[in-house]
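Rule-based calculations on the coordinates, nothing more; no lab input. These figures come from a predicted structure and were not determined experimentally. Cβ atoms come from the backbone with ideal geometry, glycine included; neighbour counts cover every protein chain shown.
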Amino acid sequence: MTEPAPAIALPAPAVARWQDYVRLLKPRVMSLVVFTAFTGLMCARTPMDPVLGAVAVLCIALGAGGSAALNMAYDADIDLLMRRTRGRPVPAGAVQAADALALGITLSLFSVGIMGLAINWLAAGLLGFTIVFYAVVYTMWLKRRTPQNIVLGGLAGALPPVVGWAAASGAAPFNAWLLVAIIFLWTPPHFWALSLYTSADYANAGVPMMPVVKGPASTRRQILAYSVVLALAALAPTFTGLGGATYFGVAALGGLVFVALAVRLARSGAGDAAPEHDGLYDVKAAARPARDLFAFSILYLFGLFGALLAERFAALAGIST
């Protein structure tokens, strides 16, 4: 277990711009949440009024943004200690933590309330659970206490497809949870690959990420194990009727590449040396196997869900896949 982050004073807040409040919502993360939720909504194969569908997706987006603002408000102290996050609005002094907290609470309550009143309360309950799990269970408890923070906390990021599915159908069947399982298994190799070349940041901030606690060699082996299980699990929708031939091709080819990159990473020394980096993708040569898996993992997840969406749209258009 790493030592707790030292108490530090945040910079004096400047006058916030509207762009700073947008950054509090983590737009890039929100885009992935919306994409996977929309895929779940479409894969429910339940006719839905387009306006209500748009409202449901908007509620999910606002809920994701609200939970991100709550995360930034609470994590400002450790964000200031990490190169990758010290430019965020709160640690940079652009937005006060209290304002980020207020924005997060407002968006969270609004999104859940509108989802319940306009769509259905199952979807609203799942959305509310997702927000609380990310903002409270992961951010306030798991993140600073256990190297399994990403594994357990990954449930929050995995739930959007079932929220979208429930919004469309009022139910949460097995196939919806299968989509959740795929994202859940994807999360550890995705974030641990990143943490292999940003581990100095986490160690400095007192965050017990896997490379900091168990070492890079153990982390690389665990990434490989998760990658194999993920690649196999990603094939499952083909056999449950959720995915078709196009999906199977994307999942099979993408899974092979994912595992190959994980094998390459396991055989490398990524994370052994000082993990200096200038950004998410600009890293030293020794860390490139970790960088490459991290980058491909994003493409892989978009490919899986994009294939499901493409098949669904093709079916609506009467095109055989």
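Taking the simple approach of a point 7 Å from Cα along Cα-to-Cβ for both Ser31 and Val51, what is their distance in nm?
3.0
Starting from the Kirkwood Rh over alpha-carbon pairs, what translational D in µm² s⁻¹ does the chain have by Stokes-Einstein at 20 °C and 1.002 mPa s?
It diffuses with D of about 106 µm²/s by this estimate.
How high is the FRET efficiency from Val22 to Arg86, r the C-beta distance, R0 22 Å, rounded to 0.05?
Rounded to the nearest 0.05, the efficiency is 0.75.
Given labels modelled 7 Å from the Cα in the Cβ direction, how far is it in nm from Phe313 to Ala260?
Modelled inter-label distance: 2.8 nm.
If I model segment 173-321 as equal point scatterers sitting on the Cα atoms and use the Debye formula, what is log10 I(q)/I(0) at q = 0.17 Å⁻¹?
-0.88
Using the Kyte-Doolittle scale, which helices in the chain average at least 0.5 and also have C-alpha atoms spread 18 Å or more along the helix axis, with helices defined as whole DSSP H runs?
Result, helices passing both filters: 27-43, 50-74, 97-114, 174-196, 216-233, 245-267, 288-316.
Defining a contact as two alpha carbons under 8 Å apart and six or more residues distant in sequence, what relative contact order in percent does segment 137-182 show?
In percent, rounded to a whole number, it is 31.
Explain nothing, just the number: relative contact order of the chain, from Cα pairs under 8 Å at least 6 residues apart, as a whole percent.
Computed value for the chain: 19 percent relative contact order.
Excluding same-chain residues fewer than 8 positions from Lys26, which lysines have a Cα within less than 22 Å of its Cα?
Lys26 reaches Lys143.
Sort Met210, Met30 by Cβ crowding within 10 Å, fewest neighbours at the top.
Ascending Cβ contact count within 10 Å gives the list Met30, Met210.
Return the FRET efficiency for the residue pair Lys214, Val132: r is the Cβ-Cβ distance, R0 is 22 Å, and the value is rounded to the nearest 0.05.
0.15
Could you tell me the relative contact order of segment 7-172? Use alpha-carbon pairs under 8 Å, at least six residues apart, and round to a whole percent.
33 percent.
Would you calculate the separation in nanometres between label points at Arg267 and Leu117, each defined as 7 Å from the Cα along the Cα-to-beta-carbon direction?
Inter-label distance under the simple model: 5.9 nm.
Compute a Gaussian network model of the chain, connecting alpha carbons closer than 10 Å, and tell me which residue from Ile183, Ile114, Ile150 fluctuates the most.
In this elastic network of the chain, the residue with the biggest mean-square fluctuation among Ile183, Ile114, Ile150 is Ile114.
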